[in-house]
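The values are calculated or read from the model by the stated rules, or taken from the named source; none is laboratory data. Note that the coordinates shown come from a computational prediction; the quantities given were computed from them, not determined experimentally. In this analysis, Cβ positions are derived from the backbone assuming ideal geometry, glycine residues included, and neighbour counts consider all displayed protein chains.
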Amino acid sequence: MAGSPSAMRGWKRARHFVLTPCCSSPERACRIGDTRPMTNAERWQLTRRSLVRSGLVGAACAGLAPLPLLGATPDATLEIAPFIVEPTPRHRYKTLAYNGQVPGPLLRMRAGQATTVEVRNHSTREEVVHWHGLFLPSEIDGAMEEGTPMLAPGETKQYTFRPEPAGFRWYHTHTFAGNDLTVGQFGGLHGFLMIDGPRGSQPAAFDREVFLALHDWGGQMLASDDGSMMPSYDVSTINGKALGFGEPVRVKRGERVMLHLLNSSPTEVHWIALAGHTFHVVALDGNDLPATQQKSVPMLRLAPAERISTIVTMNAPGVWVLGEVRKHVQAAGMGIVVEYEGAGGKPKWIQPEDLAWSYRQFGGSDNSRTVDASDPSEPALPIRLKFSSKFEGHGSPERWTINGKSYPDTEEPMLQQGKRYRLILDNQSHDDHPLHLHRHVFEVRSIDGATGMNGIVKDTVLVPAHSIAEVEFLAQHPGRTLFHCHQQDHMDRGFMMVFRYA
Amino acid sequence: MRALLSLQRSLLLAAAGMVLPLCASAQGNYEIQVYGADTVAPKTLMVELHSNYTVDGQKQLIDGVYPTNHQEHETIELTEGVTNWSEVGFYIFTSEQSGHGVQWVGDHIRPRVRAPDSWHWPVGVSLSTEVGYQRAVYSPDTWTWELRPIVDKTLGRWYFAVNPALERTWHGPDVKQGLAFAPGAKIGYDFTKKINAGFEYYADYGDLRRFDGLHDQQQQLFVVTDLNVSPAWEINIGVGMGGTSATDHLIVKGILGRRFQWGHHTAVD
């Protein structure tokens with residue numbers, strides 16, 4: 001049931017897994033069988049190494065593809081069908097949803113184990129499911145720009161893959177919306193995807209998990225302060241419900257609750273606080289932070305497509321609001337009640353005075369480790385990408401460009417497998433952009449005025465307007481690889497490009 | 001040239017920090033503006049100076065009303081946003097003319113509401129009503145009321161607005177006239193992100209039930225440019241020509257506006 005964390009926790013795990021020899025390394029088997037508690041350092045090394053190994057393993061298994069014929073019993077099924085989401089009794093929106101709920105069901109998979117998902121398209125639109133954050137072959141990653149076939153109306157298809165890397169991922173539609181602000185990511189086609197790693201590989205101990213998705217509804221294009229057109233929304237929700245209209249998150253005193261937050265908004269950045277509590281951030285985009293770089297912070301900022309996994313120790317009994325820090329957005333509904341067992345009364349909100357967030361606070365300086373298997377002494381090959389826009393009138397959204405060209409005319413840089421690349425993300429526009437690289441992860445090396453950063457591994461990063469950020473990644477997953485701004489209106493208007501492998 | 005110098009002087013005065021802006025009745029030439037449907041945001045004060053100079057206008061004293069020729073009109077418009085769909089505007093009209101000096105002309109008040117964004121209407125729609133007084137030496141009708149529907153639409157680089165205004169005299173010679181129809185319209189094109197240019201049309205056809213003859217109607221066409229240099233600033237400059245004998249023949253106009261937010265604002269607001 002949408003809006004019910006406890007219900008989501010109870011989502012049935014995949015029914016069966018197939019482990020094929022090509023993906024079962026002895027080292028992994030050993031790690032899975034090792035029940036000795038790991039130190040934080042070991043967890044970090046495992047996490048970073050596992051990213052590499054899983055990627056290499058994934059590449060080795062890249063032959064996996066959607067099965068042309070049905071017949072296998074799927075481990076999970078996603079049905080795409082019309083749905084009416086009802087954030088409040090006064091706000092009802094016709095949309096598409098997975099399995100009749102928004103957000104879609106929590107899918108849990110075991111890292112590296114073959115899993116079959118059946119997707120049935122009962123809508124009247126062509127659809128495709130993107131498995132955001134996974135190292136999948138281009139043919140099933142879920143982007144037509146990479147070559148994934150679209151799912152025709154009425155069509156059913158099975159996808160079998162070995163999900164990697166472990167961590168908090170998500171799945172969502174990857175279709176064009178254009179001027180229709182009810183479809184694509186403006187709608188309800190998004191859900192949580194948790195890839196469980198080996199037992200004991202969690203970045204920190206916790207008692208239970210809660211999954212929360214931030215979303216905005218009722219979009220329309222309005223003139224923004226700078227004169228260009230931007231989407232504006234009627235209602236903002238957490239797990240499909242406006243504040244006061246969904247089930248509360250019920251907790252017990254002393255519980256360590258792992259909150260997995262996803263910003264599935266088509267275009268909006270959100271700041272989230274939990275009154276009376278702090279967040280201990282342990283992972284960004286599902287990728288664990290080294291123990292020394294985990295931080296307790298008063299609020300979180302999530303750009304579209306970003307995820308944050310954070311532990312909240314429930315040590316302030318009462319009834320509280322977890323919600324958007326900006327007053328007008330919380331007033332539009334973005335919030336959920338956190339209710340301690342036995343507590344009552346009106347939910348309490350403590351209004352922060354300012355917005356506080358920077359990637360810098362999670363950056364480490366230990367450069368002895370790299371995010372990938374490449375030789376750290378070998379300099380990464382630079383690829384400079386300049387982002388700007390072309391004005392097309394105050395009554396029309398801008399056309400976005402990468403190095404002066406809009407998709408599909410953007411460049412297609414050629415990558416060599418095994419090489420490490422440094423993307424120099426030069427945002428010359430007036431907007432912040434959440435930039436997402438498909439089928440890979442990258443390490444943020446400089447952003448928000450800080451350089452030489454280590455340890456922040458992500459698949460989406462928000463690059464502020466008029467600034468330059470640098471990220472590095474290892475080219476280890478051959479195939480067409482999409483890179484784009486995750487704002488639906490930006491990608492629809494040209495902010496995409498494809499990397500190819502030699 | 002004098003008109004330009006006068007306009008320039010006015011703009012410089014405003015830029016120097018004087019509190020000065022403008023409002024709109026073409027025939028009055030105190031505020032020459034086609035309204036857009038948007039309203040001023042809450043906790044925001046819009047300060048505008050409307051500077052209009054009649055280069056070639058009425059040269060005779062008629063029924064005790066000063067001639068408009070070579071009159072320099074400075075109007076201060078203060079508009080405060082009330083909600084995200086309403087505002088209230090207040091006007092101070094002044095006139096400067098050789099032989100008469102700087103004179104207070106009158107004041108108006110103008111509440112306005114608009115269709116909220118949440119209604120998702122395909123065009124911007126708002127409705128303003130304006131009530132006020134002006135001295136008889138500047139307008140024979142001293143107390144007037146106006147109802148101004150406003151519809152606008154931006155399509156790509158094009159901007160369209162229509163203001164089919166209705167006017168009523170409460171005190172003065174036209175008190176028995178009934179509702180007069182005084183439409184305004186605008187079309188603009190974005191040549192760049194900062195420069196929009198186009199035309200504005202102002203008219204007064206007289207009694208809504210029986211329009212005046214063309215000779216007695218007022219009709220003006222302005223060539224205008226809007227400079228979008230900053231979200232905080234509003235700049236509009238134009239030159240207008242009257243097309244009938246009842247209309248001033250040549251007017252130069254300018255609007256300089258600045259939005260001021262008041263109260264304590266932080267990023268969380």
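Structure above, values below:
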item	result
Odd one out for A:Pro290, checked against (1) surrounded by 19 or more Cβ atoms within 10 Å (Cβ to Cβ); (2) at pLDDT 95 or above; (3) out of contact with any Leu (no Cβ under 9 Å at 6 or more places or on another chain)	(2)
Pick from the range A:324-349, criterion under 18 Å from A:Val249 (Cα atoms) and of a type in the set (A, V, I, L, M, F, W, C), ranking: surrounded by the fewest Cβ atoms within 10 Å (Cβ to Cβ)	A:Ala343
Cβ-Cβ under 7 Å pairs, at least 6 apart or on other chains, the range B:78-104 side within 23 Å of B:Lys43 (Cβ to Cβ) and among the hydroxyl-bearing types (Ser, Thr, Tyr), far side surrounded by 18 or more Cβ atoms within 10 Å (Cβ to Cβ) and modelled with pLDDT under 95	B:Tyr91/B:Cys23; B:Tyr91/B:Glu31
Segments classed as strands (runs of 3 or more DSSP E), wholly inside the range A:166-256, with at least 1 members that are closer than 23 Å to B:Trp119 by Cβ	A:208-217, A:220-223, A:229-232, A:235-238
Test result for A:Gly154, in a loop (DSSP other than H, G, I, E, B), touching a residue at least 12 places away in the same chain (Cβ under 8 Å) and out of contact with any His (no Cβ under 6 Å at 6 or more places or on another chain)	yes
All positions within the range B:165-219 that are among the aliphatic types (A, V, I, L, M) and either within 14 Å of chain A (Cβ to nearest Cβ) or in a strand (DSSP E or B) (or both)	B:Ala165, B:Leu166, B:Ala180, B:Ala182, B:Ala185, B:Ile187, B:Ile195, B:Ala197, B:Ala203
Subset of the range A:432-449 (residues that are at pLDDT below 95 and under 16 Å from A:Pro304 (Cα atoms))	none
Out of A:Lys252, A:Lys241, sole residue that is out of contact with any Ser or Thr (no Cβ under 9 Å at 6 or more places or on another chain) and in the same structural domain as A:Val337 (by TED's automatic domain parsing)	A:Lys252
Hits in the range B:242-269 (condition: over 19 Å from the mean Cα position of the chain (by Cα), of a type in the set (D, E, K, R) and more than 13 Å from chain A (Cβ to nearest Cβ))	none
